[in-house]
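Here is the structure we will look at.
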Amino acid sequence: MGCAASNSADSKADRLSRWSATGIVGLRDAKLKSFPDEVLELDRSVRTLDLTHNKLADIPEDISRLSNMQRLIMADNIIARLPGNIGKLQSLKLLNLDKNRFTFLPDELGQLVKLERLSISGNQLTTLPDTIGSLRNLLLLNVSNNQLKFLPESIGSCFSLEELQANDNSIEELPPSVCNLVHLKSVCLDRNKVKQMPPNLLKECKTLQNISVHDNPISMDQFQSMEGFEEFEARRKKKFDKKIDANVMMGSKGLDEGVDL
């Protein structure tokens with residue numbers, strides 16, 4: 001019994017020492033049912049925490065102790081809520097919560113002012129908090145495979161946003177504020193209910209190269225009548241020409257009405 005206890009203690013000590021030295025805690029596929037307390041013991045040493053594909057249902061309030069964490073990946077669990085003090089993770093740059101059971105996100109999410117990549121696809125979100133507009137450094141927002149009917153007007157304040165992925169929702173139109181996203185390069189809205197785009201989208205978003213609207217009621221004619229369409233088409237064509245030069249084959253439906261633009 002004594003040897004077994006000693007080996008167990010040494011094993012934990014070794015893990016903590018390794019995690020502390022590297023700043024990387026990897027516990028994918030570890031069959032966890034509760035958040036590992038030993039991780040919280042590391043406090044400010046943790047920079048990356050990956051708990052993908054476990055059976056975690058809760059995130060403890062004490063996660064705020066990991067104040068230097070930059071990457072939090074908790075995809076493919078059964079988590080339904082974020083703790084209110086998630087906003088205290090002020091160093092966080094990447095947050096991946098794909099394939100969980102979230103129905104809402106707390107307002108405190110907007111306090112993650114350094115966040116660059118937020119992915120929360122495959123959940124049950126019906127809305128996004130207005131405070132998402134405070135994420136001024138956000139480059140990627142992935143909210144695909146949820147139950148969203150609209151995106152908040154405040155998304156237009158995510159001034160750094162380059163890529164918006166919102167496939168497989170019930171979105172009918174984008175808020176006009178999207179036209180403020182002057183760094184936007186790609187918008188993916190496949191399998192929604194989009195009937196129209198903000199009239200000034202192509203005119204104002206001068207870096208936009210890709211719009212994907214497969215299986216939506218919007219038509220190609222509506223895009224062609226928008227101001228700035230010719231300039232957008234030139235950028236899109238230039239991007240695809242580069243792909244062809246690199247011997248990348250294009251899909252046969254590349255320019256079908258109501259699909260990729």
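For region 84-97: of the residues being in a helix (DSSP H, G or I) and modelled with pLDDT of 95 or more, which is farthest from the chain's Cα centre (by Cα)?
The qualifying residue farthest from the chain's Cα centre (by Cα) is LYS88.
Which residue out of ILE120, ILE132, ILE171, ILE155 is within 22 Å of PRO217 (Cα to Cα) and either of a type outside the set (D, E, K, R) or assigned by TED's automatic domain parsing to the domain that holds ASN68 (or both)?
ILE171
Within region 62-92, take every residue that is farther than 19 Å from GLY23 by Cα and of a type in the set (A, V, I, L, M) and give me the one that is surrounded by the fewest Cβ atoms within 10 Å (Cβ to Cβ).
ILE78
A quick yes/no check of all residues on (1) free of Cβ contacts under 8 Å to residues at least 40 places away in the same chain; (2) within 11 Å of PHE232 (Cβ to Cβ); (3) crowded, with 17+ Cβ neighbours inside 10 Å:
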position: ILE171; (1), (2), (3): yes, no, yes
position: PRO176; (1), (2), (3): yes, no, no
position: LEU181; (1), (2), (3): yes, no, yes
position: LYS185; (1), (2), (3): yes, no, yes
position: CYS188; (1), (2), (3): no, no, yes
position: ASN192; (1), (2), (3): yes, no, yes
position: LYS195; (1), (2), (3): yes, no, no
position: LEU201; (1), (2), (3): yes, yes, yes
position: CYS205; (1), (2), (3): yes, yes, yes
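Scan ASP29, ASP98 and give me the residue that is closer than 24 Å to GLN165 by Cα, acidic (Asp, Glu) and in contact (Cβ under 8 Å) with a residue 24 or more places away in the chain.
Going through ASP29, ASP98 in turn, the sole match is ASP98.
Does SER64 qualify as being modelled with pLDDT of 95 or more, within 28 Å of PRO152 (Cα to Cα), of a type in the set (Ser, Thr, Tyr) and not in a loop (DSSP other than H, G, I, E, B)?
In short, yes.
Anything in region 27-46 that is out of contact with any Pro (no Cβ under 9 Å at 6 or more places or on another chain) and buried (at least 16 other Cβ atoms within 10 Å of the Cβ)? List them, or say none.
PRO36, VAL39, LEU42, SER45, VAL46
Okay, residues lined up against (1) under 16 Å from the mean Cα position of the chain (by Cα); (2) in the same structural domain as ARG28 (by TED's automatic domain parsing); (3) aliphatic (A, V, I, L, M):
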| site | (1), (2), (3) |
| --- | --- |
| ASN54 | no, yes, no |
| MET74 | yes, yes, yes |
| LEU82 | yes, yes, yes |
| LEU115 | yes, no, yes |
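The values are calculated or read from the model by the stated rules, or taken from the named source; none is laboratory data. The structure presented is a predicted model; accordingly, all values stated were derived computationally and were not measured. Because the Cβ atoms are built from the backbone with ideal geometry, glycine has one as well, and the counts that use them run over all protein chains shown.
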